[in-house]
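Chemist: Quick one: structure below, then a few questions.
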Amino acid sequence: MSAAPQSHAKIDRMPNATWGDQSLTESARMEAFGRLACGVAHDFNNLLTGIMLYCDLLIAGLENNCPLRSHAEEIRVAGLDGAALIQRLLTGARPQLVEAHVLSENAVIIGSKNFMAQMLGEKIELVTTLADDLGYVSMDPAQVRQILFNLVLNARDAMPQGGRVTLETRNSTNWLPAPGDIRRHRARCIQFTVTDTGHGMDAETQSHLFEPFFTTKSSGRGNGLGLATVNTIVKQHGGVLQVESKQGSGTCVTVCLPRVASNAHHC
């Protein structure tokens, strides 16, 4: 009679041990990534400082109406965003320490449109459909650009033969997580979508989308942190991220963020 319980005990322990091993492995990978990121941060920050210095020299030597001046200014903005990201890596700053501003996502998209078009290349068309009455969100502009660039780059990589990326914004009402509560509530949102005409994803791939280091891209094309990073930023700001995709029919990524009053105080 005693043999059966012993057999069951062995079966019960095996899944737990496997789960524990997987958790430790994932934890070790994240810790190793953190050490690597901090290890290169100082040197990378020095490179960015040099890039921005030369951008300043270029801007100072170009006339206000010169097309090249706007390109140099966009490079400088990208450099500043990179420096801010590096600073967060070095200091381990918590999300609430990031300086937020009441802003229009339309303004960020318009200001970054030329840069995103360059990232996409000549084979991919960039289309924007922006709501005239779009409300405001409270975010760090650099994080808004980080979301945009990650989603646009993912769309680009899904269309190696070319295609179209559409950015759309609108006001909406959606279910958002309540602060400090796992339940959701209906709230006014700012919604923007990034839609591509790429190869799409099957259900198995979609089930792993937000896992750090998960990627279907070939070596050198991605590290699997893009969507995981976007999801983290969106959640930190009380929003939700939704992905709809079908193999052979493209992908649509929707970001919903809480809407704030235009006269709200800066955080």
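Chemist: Quick check, is Val144 closer than 25 Å to Gly50 by Cα, modelled with pLDDT of 90 or more, within 17 Å of the chain's Cα centre (by Cα) and not small (Gly, Ala, Ser)?
Modeler: Details: closer than 25 Å to Gly50 by Cα: yes; modelled with pLDDT of 90 or more: yes; within 17 Å of the chain's Cα centre (by Cα): yes; not small (Gly, Ala, Ser): yes.
Yes.
Chemist: Which of (1) in contact with a Leu (Cβ under 8 Å, 6 or more places away or on another chain); (2) open to solvent by less than 100 Å² (accessible area, probe 1.4 Å); (3) modelled with pLDDT of 80 or more; (4) part of a helix (DSSP H, G or I) does Leu62 not meet, given it meets every other one?
Modeler: Among (1) in contact with a Leu (Cβ under 8 Å, 6 or more places away or on another chain); (2) open to solvent by less than 100 Å² (accessible area, probe 1.4 Å); (3) modelled with pLDDT of 80 or more; (4) part of a helix (DSSP H, G or I), the lone unmet condition for Leu62 is (4).
Chemist: Check whether at least one residue in region 161-180 is among the small types (Gly, Ala, Ser) and surrounded by 19 or more Cβ atoms within 10 Å (Cβ to Cβ), and report yes or no.
Modeler: Filtering region 161-180 down to residues among the small types (Gly, Ala, Ser) leaves 162-163, 172, 178, 180.
Checking the rest, the ones that are also surrounded by 19 or more Cβ atoms within 10 Å (Cβ to Cβ) come to none.
No, there is no match, as no residue in region 161-180 is among the small types (Gly, Ala, Ser) and surrounded by 19 or more Cβ atoms within 10 Å (Cβ to Cβ).
Chemist: Separate question: Give Ala4, Ala37, Ala78, Ala17 a once-over and let me know the one that is at pLDDT 65 or above and open to solvent by less than 100 Å² (accessible area, probe 1.4 Å).
Modeler: Working: Ala4 fails: at pLDDT 65 or above; Ala37 fails: at pLDDT 65 or above; Ala17 fails: at pLDDT 65 or above.
Only one candidate passes the filter, namely Ala78.
Chemist: Mind checking which residues of region 136-168 are over 15 Å from Leu103 (Cα atoms) and among the acidic types (Asp, Glu)?
Modeler: Hits for region 136-168 are Asp157, Glu168.
Chemist: While we're on this one: Collect the residues in region 85-121 that are outside any helix (DSSP H, G or I), out of contact with any Cys (no Cβ under 9 Å at 6 or more places or on another chain) and modelled with pLDDT of 60 or more, keeping them in residue-number order.
Modeler: Within region 85-121, Leu103, Ser104, Gly121 meet the criteria.
Residue-by-condition table, conditions (1) at positive phi; (2) at pLDDT below 60; (3) in a strand (DSSP E or B):
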site: Pro212; (1), (2), (3): no, no, no
site: Thr215; (1), (2), (3): no, no, no
site: Gly220; (1), (2), (3): yes, yes, no
site: Ala228; (1), (2), (3): no, no, no
site: Ile233; (1), (2), (3): no, no, no
site: Gln242; (1), (2), (3): no, no, yes
site: Ser249; (1), (2), (3): no, no, no
site: Val253; (1), (2), (3): no, no, yes
site: Ser262; (1), (2), (3): no, no, no
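Chemist: How many of the residues in region 160-197 are touching a strand residue (DSSP E or B) at 6+ places or on another chain (Cβ under 6 Å), over 18 Å from Asn231 (Cα atoms) and not in a strand (DSSP E or B)?
Modeler: Residues in region 160-197 being touching a strand residue (DSSP E or B) at 6+ places or on another chain (Cβ under 6 Å), over 18 Å from Asn231 (Cα atoms) and not in a strand (DSSP E or B): 2 in total.
Chemist: Continuing with this model, one more query. Going by the structure shown, is Val127 modelled with pLDDT of 90 or more and crowded, with 21+ Cβ neighbours inside 10 Å?
Modeler: no
The values are calculated or read from the model by the stated rules, or taken from the named source; none is laboratory data. Keep in mind that what you see is a predicted model, and the values were worked out from it rather than measured. Heads up, the Cβs are rebuilt from the backbone with ideal geometry, glycines too, and the neighbour counts pull from every protein chain shown. Side chains are part of the model used for accessible areas, which takes the heavy atoms of the whole protein and leaves out ligands, DNA and RNA. Shrake-Rupley method; radii C 1.70, N 1.55, O 1.52, S 1.80 Å.
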